[in-house]
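**Student:** Quick one: this structure, given as structure tokens, is what I'll be asking you about.
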Amino acid sequence: MKLLHSGKVRDIYSDRGDIVLVASDRLSVFDVILPTPVPDKGKILTALSLWWFDKVADLVPHHVLSSTDVPEELAGRAVRCRRLEMLPVECVARGYLTGSGLKDYRRTGAVSGVALPPGLEDGSRLPEPIFTPSSKAPQGQHDEAITYADVVDLVGAETAARIRDLTLEVYRMGAEVTEKNGILLADTKLEFGRDPATDDIVLGDEVLTPDSSRFWPADQWEPGRPQYSFDKQYAREWALSTGWDKTEPGPEVPPEVVAAVRARYAEVYERITGTPWA
């Protein structure tokens, strides 16, 4: 295999005309890779993504070809995928207001140009899910919120409408599944590409994982305060508590924080899939 790109969390290889996507145990917060890995993280992300890719197959084609036709030493964390021409947009759907969306709302009353009702708080459920895209920043830089009009400028009106609609469809399906398991899907990020052979829009990267989504226990949800989360929000909050300024290098992560992140990732996998994490 030939290494094509080493990202914040995933390494991308070329092999026999396909792409092999390998999920590492690296932990990235605020687009900076922290120096301390989280054991099993890559395998949990891979297993959960594969579970969801099966679920979304009726909504949108995806890039997965095989989870077994990969080098033995990478088994469990590698997926063979078809090559895509990735679109230059991070597709984010929000059903609840928090994080950067909350900051934008407090400043402007809107998120990515989508006006929202007054009086919303941290953790408020939105009247309906909204599409709040962002730019794809180079590694080490931060993604920036953009408007739907910006997406149209980047990819054209037809493609913009298609990826917006698909993002919201996947979000709604995911939220329905997780809520049955006592988990609220606050928001999620998806990435799409175009299959050069068919020109189809295809779902790539990962889907509905604790790296790309916010998951909250439904029985603890209380608007007006930060929510307990089963995702890397815990790591973000810890990193900020150290006084770190969100620039490289990131702080070393102590063992108790590593253990807590791993436990939350494993728990959300188990609660969503109904399968114990080995």
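The values are calculated or read from the model by the stated rules, or taken from the named source; none is laboratory data. This structure is a prediction, so every number in the text was calculated from the model and none was measured. Methodologically, a virtual Cβ is constructed for each residue, glycine included, from the backbone with ideal geometry; neighbour enumeration extends over all protein chains shown. Heads up: the accessible areas ignore ligands, DNA and RNA and are worked out on the full protein's heavy atoms, side chains in. Shrake-Rupley method; radii C 1.70, N 1.55, O 1.52, S 1.80 Å.
**Student:** Run the numbers for E158 and E252: contour at 0.36 nm per residue of separation, minus the present Cα-Cα distance, in nm.
**Tutor:** Gain on extension, E158 to E252, equals 29.4 nm.
**Student:** Kindly state, to the nearest 0.05, the FRET efficiency for E85 paired with L50, given R0 = 22 Å and r defined as their beta-carbon distance.
**Tutor:** After rounding to 0.05, the efficiency reads 0.45.
**Student:** For segment 197-275, what D do you get in µm² per second when you plug the Kirkwood radius from alpha-carbon pairs into Stokes-Einstein at 4 °C and 1.567 mPa s?
**Tutor:** Using the Kirkwood radius from Cα pairs, D works out to 87 µm²/s.
**Student:** Once the piece of chain linking A218 and E237 is laid out straight, how much longer is it, given 0.36 nm per residue of separation minus the C-alpha distance between them?
**Tutor:** 4.8 nm
**Student:** So if R0 is 30 Å, what FRET efficiency would T273 and I12 give, r being the distance between their Cβ atoms, rounded to the nearest 0.05?
**Tutor:** 0.70
**Student:** Within segment 12-30, whose backbone N sits under 15 Å from a point 7 Å along Cα→Cβ of A197?
**Tutor:** Taking a point 7 Å out along Cα→Cβ of A197, the residues of segment 12-30 whose backbone N falls under 15 Å are 15-20.
**Student:** Another question, if that's okay. Inverting the mean 1/r over all pairs of different Cα atoms, compute the Kirkwood radius of segment 164-224 and quote it in Å.
**Tutor:** Answer for segment 164-224: a Kirkwood hydrodynamic radius of 12.8 Å.
**Student:** Could you give me the radius of gyration and the Dmax of the chain, taking only the C-alpha atoms into account and expressing both in angstrom?
**Tutor:** Cα radius of gyration and Dmax of the chain are 18.0, 55 Å respectively.
**Student:** On the protein heavy atoms, probe 1.4 angstrom, tell me the percent of accessible surface of the chain carried by carbon and sulfur.
**Tutor:** With neighbouring chains kept in place, the figure for the chain is 50 percent.
**Student:** To the nearest 10 Å², what's E121's accessible area with a 1.4 Å probe?
**Tutor:** 90
**Student:** Still on this structure: Which lysines, if any, have their Cα less than 28 Å from the Cα of K246, not counting same-chain residues under 8 positions apart?
**Tutor:** K8, K41, K43, K103, K136, K189, K232
**Student:** Using only the alpha carbons of segment 1-112, what is the convex hull's orientation-averaged projected area in square nanometres?
**Tutor:** 9.0
**Student:** As a test question: what accessible area, to the nearest 10 Å², does K136 have when a 1.4 Å probe is rolled over all protein chains in place?
**Tutor:** The accessible area of K136 comes to roughly 70 Å².
**Student:** Picking from T242, T209, V32, whose Cα lies most toward the positive end of the charge dipole for the chain (charges on Cβ: Lys, Arg +1; Asp, Glu -1)?
**Tutor:** T242
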